[in-house]
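> Take this structure first; my questions come after.
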Amino acid sequence: MQMTTQKQTMNRKINFNAGPTSLPEEVLREAADAVLEYNNTGVSILELPHREKEFLAIVEESKALVKELCEIGDDYEVLWLHGGGRLQFCMIPMNFLGHTDAAGYIDTDHWAEVALEYATHFGEVQILATSKQENYRRLPEFPTHIPHGLAYVHYTTNSTIAGTQWHHTPVCNVPLIADMSSDIFCSKRDYSKYAMVYAAVQKNLGTPGVALVILRKDMFNHIKRELPPMLNYHEQAKENSILNTANVFGIYLSLLMLRWTKQKGIDAIEKENRQKAKLLYDVIDGSSIFTPHVTTEAHRSLMNVCFTANNPQHEKQFIDLCTQNNIIGIKGHRSVGGFRVSLYNSISADAVKVLVGLMKEFEKGF
């Protein structure tokens, strides 16, 4: 008797976690198929050799898609590196900050603070602006006068913890480096203004363990130290990011997310992201029991909406209500408390509507 199998509808929770986050169901299904067999090769993507033509094709397609989505040319290099964002916190000053040099950092949240602290191990760090004294509830003013002698200026475009986001690319007269881990491709940007952009991919582009680096090639001339090849951007570029065994599955999943992003289109993604954020902020602003963490609207993040309940008892009650309704991942970061709802690119507007409906229902009880 011939047996047939049928894919069942996935019983998925609404996942608002800050990362790893929800991935599109179609991406998960394609990845699941590749785990069983990749592209008629007779082997799983988990078994695919990292120096065979099949994986090299994955790398080349992913690099081409990044350049297309960023609207940049061959004067930029695209790298897929191990170690996530923290290793980039190290590699940036290792490569570009000499012992007698200084770099400028904009301090807007915990991750920006960690990045600048790592840099102090390799050279001088100047904090050009900070909002730490206000618990990062707003963005500082980006400095208009930046010392010409700085090796680079580093800033974090979006704070997953505080819920702030820079919505415009700042003007900078020295190489500008941006950590876009939590908001890459969430909206239109002029990537040609940056000397380097990097992103740990587990927010909008995949799963943990991979970092995307987009580096203008003239920055290779700014490398200040003799470094082991694994820590040298130029050496990584010469080896096409395959100095050692690459994270084959992680890069493949990022390729699937890049295809999904291209198909949907960044203009459409940005429009939906603004709609999702407005739905949620409108309910919070109009609420008598919820309070936004960031009150300056121009500084609010489209990706991470942070808020609290006026009565601490209501926080647990609302989280319990969400759990009962298959909503997870809304508990705020331990340093801020309250709630954090992450609205990354793959989160649907329908999912946000379910949450805001529950918030309105919850408030009626008080």
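The values are calculated or read from the model by the stated rules, or taken from the named source; none is laboratory data. From a predicted model like this one, the values you see are computed outputs, not experimental measurements. All Cβ positions, even for glycine, are placed from backbone atoms using ideal geometry, and neighbour counts span all protein chains on display. Just so you know, the surface numbers come from the protein's heavy atoms only, side chains and all, with ligands and any DNA or RNA stripped out. Shrake-Rupley method; radii C 1.70, N 1.55, O 1.52, S 1.80 Å.
> How much accessible area does Lys217 have with a 1.4 Å probe, in Å² rounded to the nearest 10?
It works out to around 80 Å².
> Provide the solvent-accessible area of His121, counting protein heavy atoms only and rolling a 1.4 Å probe, rounded to the nearest 10 Å².
Estimated to the nearest 10 Å², His121 gives 130 Å².
> Starting from the exponent 0.38 and prefactor 2.2 Å, build the expected Rg for segment 137-221 from its residue count and divide its actual Cα Rg by it.
Taking the Cα Rg and dividing by 2.2 N^0.38 Å, one obtains 1.12.
> Continuing with this model, one more query. Taking Lys353 as the anchor, which aspartates and glutamates have their alpha carbon closer than 17 Å to its alpha carbon, excluding any fewer than eight residues away along the same chain?
Output for Lys353: Glu272, Asp282, Asp285, Glu361, Glu363.
> As a quick test, which of the pairs Lys262/Lys364; Lys132/Lys203; Lys271/Lys331 have an alpha carbon distance above 31 angstrom in this structure?
Lys262/Lys364
> Take the alpha carbon gyration tensor of segment 6-66, find the square roots of its eigenvalues, order them as a ≥ b ≥ c, and report rounded if a/c is under 1.5; if not, report prolate when a/b exceeds b/c, else oblate.
Here segment 6-66 falls in the oblate category.
> What accessible area, in Å² to the nearest ten, does a 1.4 Å probe give for Asp179?
Answer for Asp179: close to 10 Å² accessible.
> Hey, rough spin-label estimate for Ile328 and Glu52, points 7 angstrom out along Cα→Cβ, what's it come to in nanometres?
Placing both labels 7 Å beyond Cα along the Cβ direction yields 3.3 nm.
> Would you mind telling me the share, in percent, of accessible area of the chain contributed by carbon and sulfur at probe 1.4 angstrom?
Percent of accessible area from carbon and sulfur atoms in the chain: 50.
> Hey, what's the chain come to in accessible area per residue, 1.4 Å probe, Å²?
Averaged over the residues of the chain, the accessible area is 46 Å².
> Tell me, what is the percent relative contact order of segment 207-361, built from C-alpha pairs under 8 Å that lie six or more residues apart?
This gives 19 percent for segment 207-361.
> Only Lys, Arg, Asp and Glu count, each charged at its Cβ (+1, +1, -1, -1), so figure out the dipole size of segment 10-95 about its Cα centre, rounded to 20 debye.
500
> Could you state the number of Å between the C-alpha centres of segment 153-210 and segment 260-307?
Using only Cα atoms, the two centres lie 17 Å from each other.
> Using a ≥ b ≥ c from the Cα gyration tensor of segment 113-164 (square roots of the eigenvalues), is it rounded, prolate or oblate, where a/c under 1.5 gives rounded and otherwise the larger of a/b and b/c decides, a/b for prolate?
oblate
> Could you compute Rg(Cα) / (2.2 N^0.38 Å) for segment 210-258, with N its residue count?
1.28
> Hey, got a sec? Which trypsin sites (Lys or Arg not before Pro) in segment 313-361 land in a DSSP loop and have at most 14 other Cβ atoms within 10 Å?
Hits after loop and neighbour filter: Arg334.
> For the pair Asn173/Lys264, report the inter-label distance in nm, with labels modelled 7 Å from Cα in the Cβ direction.
Here the answer is 4.0 nm between the modelled labels.
> Which one, Val294, Ser187, Gln126, is farthest towards the positive end of the dipole of the chain when Lys and Arg carry +1 and Asp and Glu -1 on their Cβ?
About the Cα centre, the residue reaching furthest to the positive side is Val294.
> Quick one: order Leu81, Leu321 from most to least accessible surface, probe 1.4 Å.
Leu321, Leu81
> Val125's amide H: which non-local residues (gap 5+, or another chain) put their own amide H closer than 5 Å, with H modeled 1.01 Å from N in plane and none for Pro or chain starts?
Ala103
> Pick from Val336, Val43, Val305 the residue whose mean-square fluctuation is largest in a GNM of the chain, springs joining Cα atoms under 10 Å.
Val43
> May I have the pair-distance distribution P(r) for segment 261-353, computed from all Cα-Cα distances with 5 Å bins from 0 and rounded to whole percent?
3, 12, 23, 25, 19, 10, 5, 2, 0
> Shifting gears a bit: How big is the charge dipole of segment 313-366 about its Cα centre, in debye rounded to the nearest 20, if each Lys and Arg gets +1 on its Cβ and each Asp and Glu gets -1 on its Cβ?
For segment 313-366, the charge dipole is close to 140 debye.
> Nothing charged except the Cβ atoms of Lys and Arg (+1) and of Asp and Glu (-1): what's the magnitude of the dipole of the chain about its Cα centre? Round to the nearest 20 debye.
740
> If a/c stays under 1.5 just call it rounded; otherwise compare a/b with b/c (prolate if a/b is bigger, oblate if not). Do that for segment 128-273, with a ≥ b ≥ c from the square roots of the Cα gyration tensor eigenvalues.
Oblate shape, in that a/c is at least 1.5 and b/c is the bigger or equal ratio.
> Another question, then. Let me check I have the definition right: for the chain, take the eigenvalues of the Cα gyration tensor, multiply each by 5, take square roots. What are those semi-axes in whole Å, largest first?
That gives 33, 30, 16 Å for the three semi-axes.
> Compute the relative contact order of the chain as a whole-number percentage, counting only Cα pairs closer than 8 Å that sit 6 or more residues apart in sequence.
Computed over the chain, the figure is 22 percent.
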